[in-house]
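I have placed the structure first, in the form of structure tokens, so that the comments after it can refer back to it.
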Amino acid sequence: MMKQKKSSLFGGVTLAALATVIVMPMLLPSATLATEILIFAMAALACNLLLGYTGLLSFGQGIFFGGGAYVASICMINWNFGLLSALLTAMLTGALLAGLVGALSIRRTGIYFVMLTLSFSQMAYFIAYSLSDWTGGDNGLLDIPRPALTLLGFEISDLVSSQAFYAFVGTLFMVIFVFARRVIHSPFGTTLVAIRENENRASAVGFSTNHFKLLAFVISGGITGIAGALYAMLLNFAPLSNIELQMSESILIMTIIGGTGSLFGSILGAGSIVLLGDVLSAVWPRWMILLGVALIAVVLFMPSGLWGGVGSVADRWREYRRRKASAIKSQEVN
Amino acid sequence: MSLYLFQILNGIGLGMIYFLISVGLTIIFGLLNFVNFAHGAFYLIGSYLCFTIVSLTGNFWLALALAPITVAILAFFTERTLIKRAYHLPHTYHILITLGIALIIQELTISVWGPIGKSVSVPDALQGVFQMGHFYYPKYRLFVILFSAVIAFALWLLLERTRFGALVRAGSEDAETVSLLGTHIHKLFSLTFALGVGLAGLAGVLAAPIRGVHPFVGVEVLGIAFVVVVIGGMGSFSGALIGGLIVGLVQSLMTTIWPQGSSLMIYGAMAFVILLRPYGLFGRA
């Protein structure tokens, strides 16, 4: 039992994620692109905790992403926050905002829940737009620093080169990935799945489902806040679009196309969409049509997303091999 | 004083356009139990068709007649090919599928008409202002108010006084029973979807000479339509009318004071209504 739990934490999928993080910068043209993929994979991972594991379709992810980016940037610009303290602040901001949005939204279910997250998302956008003294309004926040990584007073890396920053984001990503797996495989995580499958039954069994949903929101918001702050550090810029509804939609689409209910799917989803955008946007600016088509196709025909697609191809391959083997065996018998 | 009257009339005109968008959304939700996130995108098609027809023929009336019907036909085929596959799925799936459709429509619109907004000129017959004493008001805006009031009345007649309307209302209560009683419910669904979306197209045409056409307006319109529907109550005709007028008036009166504040207010109102009166101000519990 103990062993099984351990393997689910550090084996299989975690190794695959680690391999992806290590191999990605070698295959991709730039470390910056790889960093962007990991940042959005983080955001998709957090969205997956809500959508894939708890069954909550939230249009509020952009609030936490943009909120984390803004607060971390403001702290770094105005009060010289260091790297880790800025990220910690972003995490707390994301968690706090998610706590607020979550606490109100989970009072309703279904379509009304979605509408509440949508209205908070719109309100957050207009607030960010109005507070232009802090957020830069339409122009965004410019000249965001990327502080050096220091631990106990020692400078480990100045993170100036894109490779060094990638290494830092990659390490942080793995920590978050392992943490998310730990959450999912804990009794808390299985309760979330129970809520997704049948909330009435979960509450009839005695779980106060709203507490679980709220905590899922807070965790998701915290991770998304970190992703937002990292994105600001990557670009040295926090555009207003971070907190727009489109950001929430993008994060949702990455999560869904990658595969809801699988953490590695979030890496696939974020990776394929960021890559697709990077490759196609120069030649075909309207490449997002593909996203629309993919979204419809996944929802209607491939509910477990790219990761599920990979899984079913692997299944078929195994099935094919087995049939072939048994056919050869039966031939030998004959 | 006349400034306020001016803003109030503007608000009513805007509110009637919001009503036309939202009533389609609410009828579709009522009968089909379907959440259409592509509603704003169809509005977008309506207004761009209006732009094209007006710039090709110079005839706004042709656009007013043809564009909504084209949008309705498009909606009909979308329903037949895609939407109907999703009825048995939960609402979140509806949202995601129509989000995909909206994304496709928006990007197609940009590839056809370009990313920069266009303006549509007011038809010749309605250019100039209407004068009453010392009060002046643009004729076209007055026309929008009157025309949408006529459409609203016709729609009310259609829903309350015809067999089709009776079927829609009965189906909203219990689609399965209506189907068991011998009505071809899928046909009814397709027609209702086309009607509701066609109304959004009509709103797009009417709004085009006032607000111009812009590829990203679909998202904004969708948000406002949901605010109206939530405030008025999902599935309620009169709720859509009153909700539309409230939102239109608030927006119009706030534009002079604090435009972002108006958006903040209406989305705040939406959250309040969902939390305190989840069936809307006029919906049935």
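Would you say B:Ile101 is within 30 Å of A:Ile296 (Cβ to Cβ) and β-branched (Val, Ile, Thr)? If you could, list the steps in order and put the result at the bottom.
On the way: within 30 Å of A:Ile296 (Cβ to Cβ): yes; β-branched (Val, Ile, Thr): yes.
Here the answer is yes, as B:Ile101 does meet what is asked.
Hey, can you tell me all the residues within the range B:112-132 that are of a type in the set (S, T, N, Q) and closer than 20 Å to B:Val205 by Cβ? Give the steps one after another, and end with the answer.
From the range B:112-132, those of a type in the set (S, T, N, Q) are B:119, B:121, B:127, B:131; that's our starting set.
The answer is B:Ser119, B:Ser121, B:Gln127.
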Residues of the range B:46-91 being within 14 Å of another protein chain (Cβ to nearest Cβ) and basic (Lys, Arg), which ones?
B:Lys84, B:Arg85
Can you find even one residue in the range A:139-159 that is modelled with pLDDT of 90 or more, under 30 Å from B:Val227 (Cβ atoms) and not polar (S, T, N, Q)?
no
Look at the range A:275-308 and say how many of its residues are more than 9 Å from chain B (Cβ to nearest Cβ), in contact (Cβ under 8 Å) with a residue 40 or more places away in the chain and not acidic (Asp, Glu).
6
Among the residues of the range A:204-249, count how many are crowded, with 21+ Cβ neighbours inside 10 Å, among the aliphatic types (A, V, I, L, M) and within 21 Å of A:Thr32 (Cβ to Cβ).
8
Of the candidates A:Gly110, A:Gly94, the one satisfying the condition of being in contact with a helix residue (DSSP H, G or I) (Cβ under 7 Å, 6 or more places away or on another chain) and surrounded by 21 or more Cβ atoms within 10 Å (Cβ to Cβ) is A:Gly94
Does the range B:254-264 contain any residue that is away from chain A (no Cβ under 14 Å), outside any loop (DSSP other than H, G, I, E, B) and over 30 Å from B:Glu107 (Cα atoms)?
no
Suppose we filter A:Gly292, A:Gly265, A:Gly271, A:Gly308 for residues that are within 17 Å of B:Gly100 (Cα to Cα) and surrounded by 17 or more Cβ atoms within 10 Å (Cβ to Cβ); which single one remains?
A:Gly292
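The values are calculated or read from the model by the stated rules, or taken from the named source; none is laboratory data. None of these values were measured; they are calculated from a predicted model. Because the Cβ atoms are built from the backbone with ideal geometry, glycine has one as well, and the counts that use them run over all protein chains shown.
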